[in-house]
1. For every helix of n ≥ 4 consecutive DSSP H residues, a contribution of -39,500 (n - 2.57) applies; sum these over the chain, divide by its total residues, and give [θ] at 222 nm rounded to the nearest 500 deg cm²/dmol.
2. Can you give me the angle between helix 109-121 and the longest principal axis of the chain, using Cα atoms only, in degrees from 0 to 90, rounded to the nearest 10?
3. For a footprinting-style exposure proxy, rank 58, 98 by other Cβ within 10 Å, fewest first.
4. Taking the Cα-to-Cβ direction at residue 114 and at residue 73 and moving 7 Å from each Cα, how far apart do the two end points lie in nm?
5. Using only Cα atoms, what is the ratio of the radius of gyration of the chain to 2.2 N^0.38 Å?
6. Compute the relative contact order of the chain as a whole-number percentage, counting only Cα pairs closer than 8 Å that sit 6 or more residues apart in sequence.
7. Just to verify a number: FRET efficiency for residue 171 and residue 58, C-beta to C-beta distance, R0 = 25 Å, to 0.05?
8. Angle between the Cα long axis of helix 200-219 and the longest principal axis of the chain, 0 to 90 degrees, nearest 10?
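No value in this document is a laboratory result; all are computed from the given coordinates. None of these values were measured; they are calculated from a predicted model. In this analysis, Cβ positions are derived from the backbone assuming ideal geometry, glycine residues included, and neighbour counts consider all displayed protein chains.
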């Protein structure tokens, strides 16, 4: 499986803002987004639209997108239901994916998700090994025994082993990637390809504007 950090060096080459930038008013299939050849089942009911973000904690582009994505989710309100899936960069036992699933199982993502990003990208703490993760978590508000019980639980282990199958089903090969309603895929990388911009903020903004249109498109069919 090929995993890309969306040409991180290119994205981080400039931090200049461009408020005038806008993604296409009418995003084009095959250019601004793609429609999955095999739509995947969603975990929503009624008129809610499922949005999945594929990401990795150590990915600088995922870290850059995160604040804008959080704001976008708040603005969507009850229209959407969000899931996050951590790509298993190091294989079936990827420590970062294991960390995410354990925090999720403990119901601690609300207070720990941003902390992990900050630890990796601002404090430069390497959370890429099991021991380093367990040590860091135990110093940041979660009881070590409680964390280890969840970390080693059958449910977390089973979900960790199932990540590669999920990624194959969605045909995701780079992060961050956004899937809308199990049908449509877009990403900052696609914005880069379609607009040729190297400005990271333009790519983030563009991907979220395209996601806006895809949520509306999906909602109209429910």
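1. Working: 10 runs with 107 residues, N = 222.
Estimated from H runs of four or more residues: -14500 deg cm²/dmol.
2. 90
3. On the way: 58 16, 98 22.
Result, fewest neighbours first: 58, 98.
4. Taking the two extended label points, one gets 1.1 nm.
5. Numbers: Rg = 17.4 Å, N = 222, 2.2 N^0.38 = 17.1 Å.
The value comes to 1.01.
6. Details: 306 pairs, mean separation 86.2, N = 222.
Relative contact order here is 39 percent.
7. Numbers: r = 22 Å, r/R0 = 0.90.
With a Förster radius of 25 Å, E is 0.65.
8. 80
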